[in-house]
Amino acid sequence: MEVSPSQLIKRWEVAIIGTFLQIFISVGCVWPMGVYFDWSVERIVLIGFVISLSSTAVVMKRLQDRKEFDSKAGQNVLVTLLAQGLAVIPMLITLAMLDGAEQDTGNIWLQLAGAFLMTVLVAYIAAKRHSTFH
């Protein structure tokens, strides 16, 4: 994937908002079916998460075939795919928290703190690279 850090920073709103909307809408669409079939919350959320993830290879091939890779829409799709890839980590943490097994509260807070620190680190690196490009 060819997405420069400056493009990622410029389009972060599209990536974040688009990814969150896709996840919430997918889970929301699965929810009524899960209630109808008496599925557990964990199963509903898992299926919603799986549906929300796009196949990066398929989407990139489609963009390439249509020669839309460098278009504004193509770049928005690429940064959204990157955000989806990063969203897998919070999805896994969420699924672990929804697990019926008794959770160690300290462990959950450590996982959330680690996810937060990784986000801050990535933002710092992206901002640092963005400032060196200009």
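The values are calculated or read from the model by the stated rules, or taken from the named source; none is laboratory data. In this text, all values refer to a predicted model and were calculated from it rather than measured experimentally. All Cβ positions, even for glycine, are placed from backbone atoms using ideal geometry, and neighbour counts span all protein chains on display.
Scanning the stretch 41-65 for residues that are at pLDDT 90 or above and surrounded by fewer than 11 Cβ atoms within 10 Å (Cβ to Cβ) yields one hit, D65.
For the stretch 68-104, a tally of residues being at pLDDT below 75 and over 20 Å from V45 (Cβ atoms) returns 1.
Taking every residue in the stretch 54-65 that is farther than 18 Å from Q22 by Cα and of a type in the set (A, V, I, L, M, F, W, C) and pairing it with any residue that is modelled with pLDDT under 85 and surrounded by 15 or more Cβ atoms within 10 Å (Cβ to Cβ), at least 6 positions away or on another chain, the pairs with Cβ-Cβ distances below 6 Å are L63/F69. Taking first residues from the stretch 30-47 that are basic (K, R) and partners that are part of a helix (DSSP H, G or I) and buried (at least 16 other Cβ atoms within 10 Å of the Cβ), the Cβ contacts under 7 Å between residues at least 6 apart in sequence or on separate chains come to R43/G34. The residues in the stretch 22-33 that are touching a helix residue (DSSP H, G or I) at 6+ places or on another chain (Cβ under 6 Å) and either among the aromatic types (F, W, Y) or surrounded by fewer than 18 Cβ atoms within 10 Å (Cβ to Cβ) (or both) can be counted, and the count is 1.
Among the residues of the stretch 53-104, just one is of a type in the set (D, E) and closer than 19 Å to I9 by Cβ, namely D70.
Kindly indicate whether D38 is acidic (D, E), loosely packed, with under 14 Cβ neighbours inside 10 Å and on the phi > 0 side of the Ramachandran plot.
On the way: acidic (D, E): yes; loosely packed, with under 14 Cβ neighbours inside 10 Å: yes; on the phi > 0 side of the Ramachandran plot: yes.
Judged against the criteria, D38 is a match.
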